[in-house]
Amino acid sequence: MTAVTRVLQVSDCHLAADPDARYRDQSADRNLAALTPAVRAFAPDWLVLSGDLSEDASPASYARLIDWAVQFGSQVAWLPGNHDDRSVMEPLFTAAGFEAGPLVEPVGPGEGWQLVLLDSARVDDPAGRLSPDRLAPLSGVDPARPLGVFVHHQPLPVGAAWIDKVPLREPQAFWAAVETAGGADFVAFGHVHQRFRARYRGTRCLAAPSTAANSYPRTSRFTPGETTPMARGYLLADDGRWKSGLVGG
Ligand SMILES: [Fe+2]
Ligand SMILES: [Fe+2]
């Protein structure tokens, strides 16, 4: 029988030091808490926290996110977004047993799916960039095994001007590295605060919406009213088959 790994991508929580702070006129803490029953129902083997976990990179915000994430008993992997500060989150997340990868092998070393976590975040820049050293984890993958890539910034336009202004810069270097790695089964990102899926150069590209505040898709300005919170689930079968869908709302 084929075993399936259940992965839930949780993104753009935007928690602040003050739990009562407003994010886009909503409560980031309450919206994250509202996702809890859907996460329990999904029963993830792995949570992948894909950046903008904090709004202000405060230790208090990361501590509350850890408290929320550990309740599910899942293994947890993470990567930073443009609102995060890796130097603040890394010691806290490491102490909590969370993994930064950059290569996560849910089935075990040398077997099954490979999930690569790339750090596209830069200090004082809302856009992302992957320098050669940040792309290096892709050169270590086994091209014969299935591959999923997680990164905060979108490596292709999502059709929404307000967030396409601050994408992954120089995406051609990213796509070249993916191709050299033998291609990816999917590329998963956050940052865009909306539902999105497309195929680019033959690769499935999927966004996880935010747990804090989402826009209706493909609008020129952030347009509130979309379902919030949401996350994105992945079912990854050992034989390489997979499927993905939105969770929550
Ligand atoms: Fe965000
Ligand atoms: Fe972001």
Per the filter on region 23-57, residues buried (at least 17 other Cβ atoms within 10 Å of the Cβ), polar (S, T, N, Q) and touching a helix residue (DSSP H, G or I) at 6+ places or on another chain (Cβ under 8 Å) are S54
Just one listed residue, out of D56, D52, is within 16 Å of ligand 2 (Cβ to nearest atom), in contact with a Cys (Cβ under 8 Å, 6 or more places away or on another chain), at pLDDT 95 or above and among the acidic types (D, E), and it is D52
Looking at region 92-109, is at least one residue surrounded by 22 or more Cβ atoms within 10 Å (Cβ to Cβ) and not in a helix (DSSP H, G or I)?
no
For region 28-44, does any single residue satisfy the condition of being among the basic types (K, R), farther than 21 Å from L206 by Cβ and within 14 Å of ligand 1 (Cβ to nearest atom)?
-> no
message = Being out of contact with any strand residue (DSSP E or B) (no Cβ under 8 Å at 6 or more places or on another chain) and either free of Cβ contacts under 8 Å to residues at least 12 places away in the same chain or assigned to a helix (DSSP H, G or I) (or both) is the requirement here; does A33 meet it?
response = yes
Q194 passes all but one of the listed conditions (1) part of a strand (DSSP E or B); (2) within 16 Å of ligand 1 (Cβ to nearest atom); the exception is number (1)
Among residues of region 156-191 being assigned to a loop (DSSP other than H, G, I, E, B), in contact with a helix residue (DSSP H, G or I) (Cβ under 8 Å, 6 or more places away or on another chain) and within 16 Å of ligand 1 (Cβ to nearest atom), the residue nearest to P109 (Cα to Cα) is H191
Checklist entry - Restricting attention to region 202-222, does a residue exist that is more than 11 Å from Q154 (Cβ to Cβ), part of a strand (DSSP E or B) and of a type in the set (V, I, T)? => result yes
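The values are calculated or read from the model by the stated rules, or taken from the named source; none is laboratory data. In this text the structure is predicted, and so the values were computed from the model without any measurement. So basically every Cβ, Gly included, is an ideal-geometry build from the backbone, and we count neighbours across all protein chains shown.
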